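Note sheet for the following structure.
The values are calculated or read from the model by the stated rules, or taken from the named source; none is laboratory data. Because the structure is a prediction, the values reported are computed rather than measured. Backbone-built Cβ (ideal geometry, glycine too); neighbour counts: all protein chains shown.
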Amino acid sequence: MKNILVIGATGQIGSELTLELRKRYGNDHVVAGYIPSAKPQGELKTSGPSALADVTDRQSIEMVVRQFKVDAIYNLAALLSVVAESRPAMAWKIGIDGLWNVLEVAREYGCSVFTPSSIGSFGESTPHVKTPQDTVQRPRTMYGVTKVTNRVAQ
């Protein structure tokens with residue numbers, strides 16, 4: 001059975017995804033990764049394991065991967081777009097440097113990685129109807145820049 005680490009498990013998408021993954025793979029096989037300022041609450045806290053897994057701290061990711069024998073990492077760590085615009089350096093640290101940490105730990109421990117993209121990775125010049133899979137990506141926000149970089153890095 002796979003063991004999954006969801007980084008950003010207490011976020012907007014991560015909280016829902018973590019619970020769904022626990023339904024599919026079993027509560028004990030999905031670790032809710034969190035940062036100190038956003039600890040799991042409610043069902044997310046009581047339904048399965050959780051651990052400090054800060055995407056900006058490679059050692060914290062590595063410790064969770066070792067402790068729970070993680071096979072797959074879901075990287076959902078990100079700042080909301082509005083916050084990313086007001087804190088671009090933090091957006092870069094989480095979105096780009098954080099992805100680097102995840103990829104390095106995954107390489108070292110043989111984990112697969114899932115990191116989602118976003119409509120924010122496109123921009124005004126991207127076709128709005130029947131958008132092709134490979135198309136122009138010229139984001140106009142820092143959030144979008146981090147998502148494009150994520151897509152290219154993988």
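Descriptive notes on the structure:
- Top-ranked residue in the range 61-85 [being among the acidic types (Asp, Glu) and at pLDDT 95 or above; ranked as nearest to residue 104 (Cα to Cα)]: 62
- Members of the range 22-58 found to be surrounded by fewer than 16 Cβ atoms within 10 Å (Cβ to Cβ) and among the polar types (S, T, N, Q), listed by number: 27, 37, 41, 46, 56
- Hey, residue 77 in contact with a helix residue (DSSP H, G or I) (Cβ under 7 Å, 6 or more places away or on another chain) and in contact (Cβ under 8 Å) with a residue 12 or more places away in the chain or not: yes
- Residue match in the range 12-21 (condition: surrounded by 14 or more Cβ atoms within 10 Å (Cβ to Cβ) and at pLDDT below 95): yes
- Applying the set (1) touching a strand residue (DSSP E or B) at 6+ places or on another chain (Cβ under 8 Å); (2) assigned to a helix (DSSP H, G or I); (3) under 21 Å from residue 25 (Cα atoms) to residue 43 leaves exactly one unmet item: (1).
- Conditions (1) within 19 Å of residue 113 (Cβ to Cβ); (2) outside any loop (DSSP other than H, G, I, E, B); (3) touching a His at 6+ places or on another chain (Cβ under 8 Å); (4) of a type in the set (D, E, K, R): number failed by residue 22: (1)
- For residue 125, the conditions (1) under 16 Å from residue 13 (Cβ atoms); (2) of a type in the set (S, T, N, Q); (3) surrounded by fewer than 18 Cβ atoms within 10 Å (Cβ to Cβ) all hold with the exception of (1).
- Within the range 59-88, the set of residues being surrounded by fewer than 14 Cβ atoms within 10 Å (Cβ to Cβ) and polar (S, T, N, Q) comprises 59, 67, 86.
- Taken as a whole, the structure leaves residue 95 outside the set of residues that are loosely packed, with under 14 Cβ neighbours inside 10 Å and small (Gly, Ala, Ser).
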